[in-house]
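A short write-up of the structure that comes next.
The values are calculated or read from the model by the stated rules, or taken from the named source; none is laboratory data. This structure is a prediction, so every number in the text was calculated from the model and none was measured. Backbone-built Cβ (ideal geometry, glycine too); neighbour counts: all protein chains shown. Side chains included, ligands, DNA and RNA excluded: accessible areas come from the protein's heavy atoms. Shrake-Rupley method; radii C 1.70, N 1.55, O 1.52, S 1.80 Å.
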Amino acid sequence: MTKAFENLELWWITGAQLLYGGETVKIVDAHSKTMVDGLNDGGIIPVNVVYKGTANSSDEVEALMKAADSDGKCIGVITWMHTFSPAKMWIKGLQALHKPLLHFHTQYNAEIPWKDIDMDFMNLNQSAHGDIEFGHICARMRIRRKVVVGHWKSPEAQRSIAVWSRVAAAVADAKKTRCLMFGMNMNNVSVTDGDRVEFEQRLGYHVDYYPVSSLMEYYRKVSEADAEALVEEYRKSYGVRIGESGEKLYWEKVKNSAKAELAIRRVLKDEGATAFTTNFDDLGRADIDAPGFLGFDQIPGLASQRLMEEGIGFGAEGDWKTACLYRSLWVMSQGMPEGCSFLEDYTINFAGERSSILQSHMLEVCPLIASGRPELEVHFLGIGIRKQQTARLVFTSKPGPGIKATVVDLGNRFRLITQEVECIEPEPMPKLPVASALWIPQPSFEIGAGAWILAGGTHHSAFSYDISPEYWDDFAEMTGIEHVHIDRNTTLEGFRKELRTNEVYYLLNKSLQ
């Protein structure tokens, strides 16, 4: 398969020792190479696995771990103990490693050769022995890691490694992510605000305010030719639906949206940013009728939709946490077929077993989740400082299961909250021309919505059809943040107990630091 992360590597380090002689080490080395080749040829793991040798001493382990930590391509380390590897020799190396660690409890041979097994075979194939020894030292040192158990040829074991590899890529990307806030958080909202310093310390994301006046300088410099070329791209990509605006105003507003997209793209490129937020109360010079007016005529919804499709993180109303989380979600799910998007809880449909929540925002929903070809429409938007006609892509999401995710700042820690949802077909909404999704929180509307509120969840989320809870478990483990998941088996009683237990754990953990 084509690697989705071609410039990244996972380093495989095999543990052994010299007690059994040099010839044994050669066999260990050969087996390891065969196994790594098998993982790469299996077509399941999207990141290239690189065999970095057999470690037989503390010095060798430490040198390999330090090399992994400093190598820009390496996003994580896979360890496996072929023979018995005394775990004290791993201490210094594990102390030096700050990248994700996966402990693969596997074995070169699948079955015991019952008729031929002897002590030489036993001494060579000691994964049951060595991996348990290695597991103990990781537990003793409180090393965050993922443990995958299974034969290396097993598709299920390879799938679990693939999940971890995608998340490791997202965590590595987070450390390089810069999010620009075009404007600040809005309307004294607490749930989308938080500690940006701690956020960067814990998860790696760097969030900066970027003056809208500076963005407007880019907007002013967009040429008519560039804007018209982008409008032509819109014509080819989407359905054109000219409604109440009339044709002249329609194309004027579409062109304005093209200029906004070009301006934001150029700022992000020049600033080295891969995420941004907007604020519909801060769109440039306030008086739209003033001579020399310079500002967006409404929020740049179409630009946000299209940039999300390409992996740029986005959060509405200054929500930098969701903008960054969406960027990571897109990275870990790139190449997957069903798509992801920023979404916002809007209004409830109480309808018995089909009680559901309508998801949208003013305009900004990513077309990756569209059930069909999006329509490019222009309609009035009466919110914010500009109550104007503006362009947007209109569609409904695909039906099917998905997972929503958010990160909240609880003061003493960040909590990742995830929830399984079931997207269903909405009724026609002819007077609401926006992109939207309609979903039933699992396990039911009452329990699912109640649990989300109890956990302190936001009204914004990063949503995906493609990933499983395992991805978010790995993400929380790698970053050292709390994770609570709401699924089809959740009960409010059990969920309350989990939240209370977690509170005690994190308060105690903080006091011991």
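Residues are listed down the side, and each one gets a yes or a no for (1) open to solvent by less than 10 Å² (accessible area, probe 1.4 Å); (2) of a type in the set (Asp, Glu); (3) not in a loop (DSSP other than H, G, I, E, B):
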{"site": "Asp37", "(1), (2), (3)": "no, yes, yes"}
{"site": "Gly43", "(1), (2), (3)": "no, no, no"}
{"site": "Pro46", "(1), (2), (3)": "yes, no, no"}
{"site": "Ala63", "(1), (2), (3)": "no, no, yes"}
{"site": "Asp69", "(1), (2), (3)": "no, yes, yes"}
{"site": "Gly76", "(1), (2), (3)": "yes, no, yes"}
{"site": "Thr79", "(1), (2), (3)": "yes, no, yes"}
{"site": "Ser85", "(1), (2), (3)": "yes, no, no"}
{"site": "Met89", "(1), (2), (3)": "no, no, yes"}
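Condition test on Glu498, is it outside any loop (DSSP other than H, G, I, E, B), open to solvent by 10 Å² or more (accessible area, probe 1.4 Å) and out of contact with any strand residue (DSSP E or B) (no Cβ under 7 Å at 6 or more places or on another chain)?
Against the criterion (outside any loop (DSSP other than H, G, I, E, B), open to solvent by 10 Å² or more (accessible area, probe 1.4 Å) and out of contact with any strand residue (DSSP E or B) (no Cβ under 7 Å at 6 or more places or on another chain)), Glu498 does not qualify.
Can you find a residue that is without any contact (Cβ under 8 Å) to a residue 24 or more places away in the chain and touching a helix residue (DSSP H, G or I) at 6+ places or on another chain (Cβ under 9 Å) anywhere in the range 24-43?
no
Given the condition in contact with a strand residue (DSSP E or B) (Cβ under 7 Å, 6 or more places away or on another chain), surrounded by fewer than 24 Cβ atoms within 10 Å (Cβ to Cβ), of a type in the set (S, T, N, Q) and under 30 Å from Glu6 (Cα atoms), answer yes or no: does some residue in the range 309-329 qualify?
Within the range 309-329, not a single residue is in contact with a strand residue (DSSP E or B) (Cβ under 7 Å, 6 or more places away or on another chain), surrounded by fewer than 24 Cβ atoms within 10 Å (Cβ to Cβ), of a type in the set (S, T, N, Q) and under 30 Å from Glu6 (Cα atoms).
Could you identify the single residue in Ser397, Ser356, Ser360 that is hydroxyl-bearing (Ser, Thr, Tyr), closer than 19 Å to Ser464 by Cβ and either at pLDDT below 95 or open to solvent by 20 Å² or more (accessible area, probe 1.4 Å) (or both)?
Ser360
Tally time: how many residues in the range 335-386 are of a type in the set (Gly, Ala, Ser), assigned to a strand (DSSP E or B) and over 30 Å from Lys248 (Cα atoms)?
So the first thing to find is which residues in the range 335-386 are of a type in the set (Gly, Ala, Ser), and the list is 335, 339, 341, 351-352, 355-356, 360, 370-372, 382, 384.
Now drop any that are not assigned to a strand (DSSP E or B), which leaves 341, 356, 360, 370.
If we keep only those that are over 30 Å from Lys248 (Cα atoms) too, we end up with 341, 356.
Total satisfying the criteria: 2.
Determine, yes or no, whether Met181 is over 30 Å from Asn509 (Cα atoms) and surrounded by 12 or more Cβ atoms within 10 Å (Cβ to Cβ).
Yes: the conditions hold for Met181.
Among the residues that make up the range 443-461, is at least one of them modelled with pLDDT of 95 or more, assigned to a strand (DSSP E or B) and surrounded by 20 or more Cβ atoms within 10 Å (Cβ to Cβ)?
There is at least one residue in the range 443-461 that is modelled with pLDDT of 95 or more, assigned to a strand (DSSP E or B) and surrounded by 20 or more Cβ atoms within 10 Å (Cβ to Cβ).
Can you pull out the residues in the range 184-208 that are closer than 30 Å to Gly295 by Cβ, open to solvent by less than 30 Å² (accessible area, probe 1.4 Å) and within 18 Å of the chain's Cα centre (by Cα)?
As a first pass, look at the range 184-208 and keep what is closer than 30 Å to Gly295 by Cβ: 184-194, 196, 199, 205-208.
Okay, now just the ones that are also open to solvent by less than 30 Å² (accessible area, probe 1.4 Å), so 186, 192, 199, 205, 207.
Residues satisfying the conditions are Thr192, Phe199, Tyr205, Val207.
Kindly indicate whether any position in the range 138-153 is of a type in the set (Val, Ile, Thr), surrounded by 17 or more Cβ atoms within 10 Å (Cβ to Cβ) and within 25 Å of the chain's Cα centre (by Cα).
Within the range 138-153 (the criterion being of a type in the set (Val, Ile, Thr), surrounded by 17 or more Cβ atoms within 10 Å (Cβ to Cβ) and within 25 Å of the chain's Cα centre (by Cα)), the answer is yes, since at least one residue qualifies.
Here's a check for you: in the range 12-35, which residue that is in contact with a strand residue (DSSP E or B) (Cβ under 7 Å, 6 or more places away or on another chain) and open to solvent by 10 Å² or more (accessible area, probe 1.4 Å) is farthest from Arg166 (Cα to Cα)?
Going through the qualifying residues, I end up with Val25.
For the range 199-314, give me every one of the helices (runs of 4 or more DSSP H) that falls completely inside it and has 1 or more residues that are of a type in the set (A, V, I, L, M, F, W, C) and free of Cβ contacts under 8 Å to residues at least 40 places away in the same chain.
Of the helices (runs of 4 or more DSSP H) lying wholly inside the range 199-314, those with at least 1 residues that are of a type in the set (A, V, I, L, M, F, W, C) and free of Cβ contacts under 8 Å to residues at least 40 places away in the same chain span 224-237, 247-271.
Looking at His98, His136, which is the one that is at pLDDT 95 or above and assigned to a loop (DSSP other than H, G, I, E, B)? Talk me through it step by step, then tell me what you get.
On the way: His136 fails: assigned to a loop (DSSP other than H, G, I, E, B).
Within the list His98, His136, the selection yields His98.
Given the residues Glu156, Glu111, Glu133, which is the only one that is under 26 Å from the mean Cα position of the chain (by Cα) and open to solvent by 20 Å² or more (accessible area, probe 1.4 Å)?
Values: Glu111 fails: under 26 Å from the mean Cα position of the chain (by Cα); Glu133 fails: under 26 Å from the mean Cα position of the chain (by Cα).
Only one candidate qualifies: Glu156.
Regarding the range 431-439, can at least one residue be identified that is within 30 Å of Lys146 (Cβ to Cβ), open to solvent by less than 30 Å² (accessible area, probe 1.4 Å) and either part of a loop (DSSP other than H, G, I, E, B) or of a type in the set (S, T, N, Q) (or both)? Show your work before the answer.
Looking only at the range 431-439, we keep the residues that are within 30 Å of Lys146 (Cβ to Cβ), and these are 439.
Still in the running and open to solvent by less than 30 Å² (accessible area, probe 1.4 Å): 439.
Remaining after also requiring either part of a loop (DSSP other than H, G, I, E, B) or of a type in the set (S, T, N, Q) (or both): none.
Looking through the range 431-439, none of the residues is within 30 Å of Lys146 (Cβ to Cβ), open to solvent by less than 30 Å² (accessible area, probe 1.4 Å) and either part of a loop (DSSP other than H, G, I, E, B) or of a type in the set (S, T, N, Q) (or both).
Considering only residues that are closer than 25 Å to Ser165 by Cα and without any contact (Cβ under 8 Å) to a residue 12 or more places away in the chain, which ones fall in the range 315-365?
Once the filter is applied, which keeps residues that are closer than 25 Å to Ser165 by Cα and without any contact (Cβ under 8 Å) to a residue 12 or more places away in the chain, the range 315-365 yields nothing.
Return yes when Leu329 is in a helix (DSSP H, G or I) and either within 27 Å of Gly457 (Cβ to Cβ) or touching a Pro at 6+ places or on another chain (Cβ under 6 Å) (or both) and no when it is not.
Working: in a helix (DSSP H, G or I): yes; either within 27 Å of Gly457 (Cβ to Cβ) or touching a Pro at 6+ places or on another chain (Cβ under 6 Å) (or both): yes.
When the stated conditions are applied, Leu329 passes them.
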